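Here's the structure, in structure tokens; my notes come after.
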């Protein structure tokens, strides 16, 4: 695990540099991100040219977390996990907790800009704050080259390991991009990632990293995922406007027996022939003009939903279903018109973070009394957010949200299918029913 002392310390740059270097060495790598982050795995995907995944101990218990890690790293030589925030931050879902659950050694990244002796205080604090902590050593980001011998001396005096640095003059990619802008929006992304790999070879002790003693993934029970006898087809939005999708959600749908067909609400004229529809999150506000001008697609999606095609529309996908999207300038762009209302920009993050959804009524995804873990991350609000479900945050805040019925889930909250496999099963069954296919599951 590449973890950090806090947000902005450079752990994503270090992770991308290490992944690029390993890929250049033709080592088969799998990459994971702690927490509900969609953006950083896009960078890993650009580097490795394979899907990347999330590990989230809020959504998953130890058994499921270990299953996900093993399932998506089983055919690779090494798994690299990037932490989120600071190593100990976010008690439930912290990188420290995930490292403990999965028995993963940790390299901690420190941003050394403006420090010298204080670097040692930070190191000692993280090493002693909580034990065991799995910290195997440190990488020093933004370290002046003349301080490299000093950093090595600090590691020796604290009985830990120096795994290298990224000197202050070598960052080829501004850190403000990482975690804020998707990989597809950065010009010459492959050249920039390759340059980070070259820097890693020069300044990181990659051979030493590869020889860190690693235990096996803890023993766990593989969850039973029933298989549909039929193969419902699900149309999945995928383009620059709709890019926030958990690879694990798609994987479990395939495991159930669904066929996925990807399409672009921006550029395609019609949705593919399908039995169900997923409109994931993303940045529809950045592409409002293109989405609005594609009237045949808007009509196609609206008609499919009005004809009771099962649909999951999360966050950006939920925004797309509204009648209008209003920009900061006040201009309103017509959208699908399934949800009567307007989405508009808020001045700050709205209901940010983890929560649970509680169902008081039967719907496509939920039985009465079901409680499902979710997270929200958006700067947009709706004049019609819905009132079919009740959301509850760990701190006690509560609110009504979402539009749901026998064939619809639409709202700002993001779902994670490995947190509750029943959601994926119910959606797949609804799609099979809509397509007139066998809704039963095989005995296997």
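Computed from the coordinates by the stated procedures, all read-outs in this text should not be read as laboratory data. No experiment lies behind these values; they were computed from the predicted model shown. Here the Cβ is made from the backbone with ideal geometry for all residues, glycine too, and neighbour counts use every protein chain on show.
Starting with the fewest neighbours, write out 67, 375 ranked by other beta-carbon atoms found within 10 Å of each beta-carbon.
Values: 67 18, 375 21.
With the sparsest Cβ surroundings first, the list reads 67, 375.
May I ask you to sort 87, 416, 283, 379 by Cβ crowding, counting other Cβ atoms within 10 Å and putting the fewest first? Write down the numbers at each step before the final one.
Numbers: 87 28, 416 22, 283 17, 379 12.
Arranged by neighbour count, lowest to highest, 87, 416, 283, 379 become 379, 283, 416, 87.
Looking at the chain only, what percent of DSSP beta bridges run antiparallel? Nearest 5 please.
Details: 28 of 70 bridges.
Of the beta bridges lying entirely in the chain, close to 40 percent run antiparallel.
Relative contact order for the range 2-210: what is it in percent, counting Cα pairs under 8 Å that are at least 6 residues apart? Don't skip to the answer; put the middle values down first.
Working: 372 pairs, mean separation 57.5, N = 209.
The value is 28 percent.
Helix 39-48 versus the longest principal axis of the chain: what angle, 0 to 90°, nearest 10, using Cα atoms?
Taking Cα atoms only, the helix is inclined about 70 degrees.
To test your reading of the geometry: what angle, between 0 and 90 degrees and rounded to tens, separates the Cα axis of helix 117-129 from the longest principal axis of the chain?
Approximately 60 degrees, to the nearest 10.
Fewest Cβ neighbours within 10 Å first, please rank 219, 238 accordingly.
Ordered from fewest to most neighbouring Cβ atoms within 10 Å, 219, 238 come out as 219, 238.
Once the Cα gyration tensor of the range 233-434 is diagonalised, what are the square roots of 5 times its eigenvalues, in whole Å and ordered largest first, as equivalent ellipsoid semi-axes? Kindly include the intermediate steps, with their values, before the conclusion.
Numbers: eigenvalues 108, 96, 41 Å².
Ellipsoid half-lengths, sorted descending, are 23, 22, 14 Å.
Seen from all sides and averaged, what is the projected area of the convex hull of the Cα atoms in the chain, in nm²? Intermediate results must be reported in sequence, preceding the final value.
On the way: hull surface 86.6 nm².
So the Cα hull casts an average projection of 21.7 nm².
For the chain, what is the mean residue ellipticity at 222 nm derived from helices alone (per DSSP H run of n ≥ 4: -39500 (n - 2.57); sum divided by total residues; nearest 500 deg cm²/dmol)?
Taking each H run of at least 4 residues, the total per residue is -9000 deg cm²/dmol.
Tell me the label-point distance for the pair residue 295, residue 70, using the 7 Å Cα-to-Cβ offset, in nm and rounded to one decimal.
The answer from the label model is 5.6 nm.
What angle do you read, to the nearest 10 degrees and between 0 and 90, between the alpha-carbon axis of helix 11-24 and the longest principal axis of the chain?
It works out to around 90 degrees.
Percent relative contact order of the chain, based on C-alpha pairs within less than 8 angstrom and at least six residues apart?
Numbers: 965 pairs, mean separation 60.6, N = 444.
Reported as a whole number, the value is 14 percent.
Working only with C-alpha atoms, what are the Rg and Dmax values of the range 2-210, expressed in angstrom?
Cα radius of gyration and Dmax of the range 2-210 are 16.0, 46 Å respectively.
How do the peptides 16-22, 68-74 rank, highest first, by the average count of neighbouring beta carbon atoms within 10 Å per residue?
16-22, 68-74
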